[in-house]
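The values are calculated or read from the model by the stated rules, or taken from the named source; none is laboratory data. Note that this is a predicted model, so its numbers are computed, not measured. Here the Cβ positions follow ideal geometry from the backbone for every residue, glycine too, while neighbour counts run over all protein chains shown. Please note that ligands, DNA and RNA were not included when accessible areas were found on the heavy atoms of the full protein model with its side chains. Shrake-Rupley method; radii C 1.70, N 1.55, O 1.52, S 1.80 Å.
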Amino acid sequence: MTELANVVDWSRAQFALTAMYHWLFVPLTIGLAFIVAIMESIYVRTDNPRWKGITKFWMTLFGINFAIGIATGLILEFEFGTNWSNYSWFVGDIFGAPLAIEGIFAFFLEATFVAVMFFGWNKVSRKFHLVSTWLVAVGVSLSALWILVANAWMQNPVGMEFDPAQMRNVMSNFTEVAFNSVSMNKFFHATTSGWCLAGVFVAGVSYWMIWRKRNTDDARLSMKVGCWVGLAGIFFTIWTGDGSAVEVARVQPMKLAAMEGLYDGGYGQSLVGFGILNPDKQPGDSLPAMFAEMSIPKGLSILANHDMNSFVPGINDLLKGYEYEKDGSIIKIEGVDTKIERGKAAIEALRQFGIARENGDSVAMKTAYTKLTKDYDCFGYGYLSSPEKAVPPVGLTFYAFRIMVMAGGFILVWLFASLLMSYKYPKWLGNRWICLVGILSIPVVWICSQAGWIVAEVGRQPWVIQNLMPTNAAISAIPASNVQTTFWIFAALFTALLIAEVSIMLNYISKASQKPFA
């Protein structure tokens, strides 16, 4: 059992390492592709060679980041087969189809036109080159779409049926999988947050050039585009984030409770703006959940249900299966202990189906299949040793959510201020302290992005597939030492790639900014 726990822990750690490194590059790729396309559109429309030089400058930075992102993304996909083979078999074509579409359609779209984008200057017409650049931007977003479709299905499994003969899920409705409400919110949230991150990146680099008095005219023009795209991105991110909160409340209420450190829910539930969790707090005990907090009255009810007086369940409510009427009376719904019993019944029914199939007993197969279908929605609970195992890491989820919100609030204000200074008070842009804050906004927006990913993925634990497969049932039968070894290899490799990218980018920015881009 200890070996199994080690394999699970190290496999999770390795996947988290790879995903977080990969997510350093993805949003910048999405956003920079869009910004470069806008800059080239301005060049084609104005015929101003300055905009051609600006476009080439940012396009080169996009290319550096694009290449590193592909390398980490490929390793991430390989890990599904090496470390998570049970998961890969269990999800079948449901998970594979979106990734295949991403590879065949979106990736080839990018690969075809990225060559024209980088090497087609003066070889094709301006309009064809511009179309190629926009197609690369579209291809990058389509790649994100199909990957997020696959990820969203893990968080809200729909459009499938379980085939006990194959011991795997099979897709029954592609449209339902592709247009899952969770995936649509995830796609627009991730894409527009990429616009925001890239906008801050462009503005931050522009601040550096202004501070060093290098190519300041082109830096100011770049900053305006970056701030406009960044502001549009963060407003759409807030809007889609609201939609994501509603979906989380609907399909992953335990994640929402962990995000708020909420153990006992209620009507008109407040939203914790700032709080210090009690690390000793456990489900069902009488200890306070918070040492201190500042809350927005009825904010969580509004966020979760768009109804300030609606009921929001806490961790204890979800474990016990309680909801409450407004008069305080209890409504008993299905608790986790009941779900565990049903999950074990489903697992046993699947075992009986296999035995009946081996014996050629069609009547017993039909009986077992009926029992399995009845309880399959709780299949994954049968692998949990106790109800408390259904609770995600509260502390990490709670604090990551607040880091995301606070960093996002700073970015919103800073982008607006930068845009205002660009148009109304351009002299202020040269202030040393303003430039320093602009440069420091680059790591802040990455912290915001990483924190959001942590909330999404850590908050859904222990599930690899919501309600159907926990992490401990998804791993490959490999020694923990193998995973541990590759973890450190990947840690060293990814760190080297990150250092290489940052070094190459800084070197390019430093050299290219010493003279006008045109």
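Note on the range 123-141: residues that are surrounded by fewer than 14 Cβ atoms within 10 Å (Cβ to Cβ) and not in a loop (DSSP other than H, G, I, E, B) total 2. Among the residues of the range 21-37, just one is farther than 17 Å from Val114 by Cβ and either modelled with pLDDT of 90 or more or polar (S, T, N, Q) (or both), namely Pro27.
Out of Gly226, Gly230, Gly261, one residue alone is over 17 Å from the mean Cα position of the chain (by Cα), among the small types (Gly, Ala, Ser) and farther than 16 Å from Leu28 by Cα. It is Gly261.
Only one residue in Ile499, Ile447, Ile411 is under 24 Å from the mean Cα position of the chain (by Cα), free of Cβ contacts under 8 Å to residues at least 12 places away in the same chain, closer than 26 Å to Ala190 by Cα and outside any loop (DSSP other than H, G, I, E, B). Which one? Being under 24 Å from the mean Cα position of the chain (by Cα), free of Cβ contacts under 8 Å to residues at least 12 places away in the same chain, closer than 26 Å to Ala190 by Cα and outside any loop (DSSP other than H, G, I, E, B) holds for just one of Ile499, Ile447, Ile411, which is Ile499. Residue pairs whose Cβ atoms lie under 9 Å apart, sitting 6 or more positions apart in sequence or on different chains, and linking a residue in the range 115-126 that is among the charged types (D, E, K, R) to a partner that is open to solvent by less than 100 Å² (accessible area, probe 1.4 Å), are Lys123/Val116; Lys123/His129; Arg126/Glu40; Arg126/Tyr43; Arg126/Val44; Arg126/Asp47. Within the range 215-224, can one find any residue that is touching a Ser or Thr at 6+ places or on another chain (Cβ under 6 Å), open to solvent by less than 10 Å² (accessible area, probe 1.4 Å) and among the hydrophobic types (A, V, I, L, M, F, W, C)? Yes, the range 215-224 contains at least one residue that is touching a Ser or Thr at 6+ places or on another chain (Cβ under 6 Å), open to solvent by less than 10 Å² (accessible area, probe 1.4 Å) and among the hydrophobic types (A, V, I, L, M, F, W, C). Taking Tyr267 and the conditions (1) closer than 24 Å to Lys389 by Cβ; (2) hydroxyl-bearing (Ser, Thr, Tyr); (3) open to solvent by 80 Å² or more (accessible area, probe 1.4 Å); (4) in contact (Cβ under 8 Å) with a residue 40 or more places away in the chain, which numbered condition does it fall short on, given that it satisfies the others? For Tyr267, the exception is condition (1).
Are any residues in the range 76-113 crowded, with 19+ Cβ neighbours inside 10 Å and in contact with a Gly (Cβ under 8 Å, 6 or more places away or on another chain), and if so, which ones? Correct list: Ile94, Ala106, Glu110, Phe113.
Yes or no, residue by residue, for (1) farther than 26 Å from Leu468 by Cα; (2) modelled with pLDDT of 90 or more; (3) part of a loop (DSSP other than H, G, I, E, B); (4) acidic (Asp, Glu):
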| position | (1), (2), (3), (4) |
| --- | --- |
| Ser244 | no, no, no, no |
| Met254 | no, yes, no, no |
| Ala292 | yes, no, no, no |
| Ser295 | yes, no, no, no |
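Residues in the range 193-220 that are assigned to a helix (DSSP H, G or I) and either among the basic types (Lys, Arg) or farther than 21 Å from Ile64 by Cα (or both) were compared, and the one that is nearest to the chain's Cα centre (by Cα) is Arg220. When Glu388, Glu358, Glu348 are screened for being acidic (Asp, Glu), over 19 Å from Gln252 (Cβ atoms) and at pLDDT 90 or above, only Glu348 passes.
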